[in-house]
Amino acid sequence: MSEPAILRREAYVRVPWPNGGGITDDILVDPGPAPARRISLATIQRDGPFSDFTGYDRDFVVATGAGVALQHAGAEPVVLDRIGMAHAFRGETPTTAALLDGPVQAFNVFTRRTAVRAHVALRRIAAGEAWSPPRGAGYAFVLSGTLDSPAGALRAHDTLALASGTAELRAREAALVVHVTFRSAEDGR
């Protein structure tokens, strides 16, 4: 059993969007030309189209800012107007973003549909409260607040890589956490 490890926001790898419209801080990217999993924090500074991620499922969670309206081809806009609001969609769906009031950062989980499925859940933790993510490997991304973990203090936009055992997180102040786990696509949904 390995110990949990903190992935600090300052250590994320900054990369340009494939369509040239912005930047992303990669938190986790599996190796290879078609990674099975990718977790990132994207900065959206202006209205415009999303990159095409054909073959991938995408979970999008507002991390900072006033929010965004996502317009998928042929559908009504999806308005995400507060931190923690989430929306899942297929990466090949033509999508444009309209900022509601200034720049936004979004936590994203991409999974190659033929290989991996993601489960993305939001957890609110009150000041002083403890939370133990379900047993097993996964990731806990801090949207807001500060938490203590077995690996040290977690600040907003840090990520805890969870080991196969259990880990208790205790909120120093009210916190909002995105918990991500993965399983093989062969295991079904």
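The values are calculated or read from the model by the stated rules, or taken from the named source; none is laboratory data. This one's a predicted model, so the numbers in the text were calculated from it and none came from an experiment. Virtual Cβ from ideal backbone geometry, glycine too; neighbours counted across all protein chains shown. Protein only, heavy atoms only, side chains kept; ligands, DNA and RNA dropped before computing areas. Shrake-Rupley method; radii C 1.70, N 1.55, O 1.52, S 1.80 Å.
For (1) among the β-branched types (Val, Ile, Thr); (2) open to solvent by less than 30 Å² (accessible area, probe 1.4 Å); (3) not in a strand (DSSP E or B), each residue gets a yes or a no:
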position	(1), (2), (3)
Val61	yes, yes, no
Ala66	no, no, yes
Ala69	no, yes, no
Arg82	no, no, yes
Thr114	yes, no, yes
Gly128	no, no, yes
Tyr139	no, no, no
(Q) Between a residue in region 24-50 that is at pLDDT 95 or above and assigned to a strand (DSSP E or B) and any residue that is surrounded by 13 or more Cβ atoms within 10 Å (Cβ to Cβ) and of a type in the set (D, E, K, R), which pairs come within a Cβ distance under 6 Å, given they are 6 or more apart or on different chains? (A) Val29/Arg38; Arg37/Asp30; Ser40/Asp26; Leu41/Asp25
Q) If you go through region 81-116 one residue at a time, how many are over 17 Å from the mean Cα position of the chain (by Cα) and without any contact (Cβ under 8 Å) to a residue 40 or more places away in the chain? A) 4
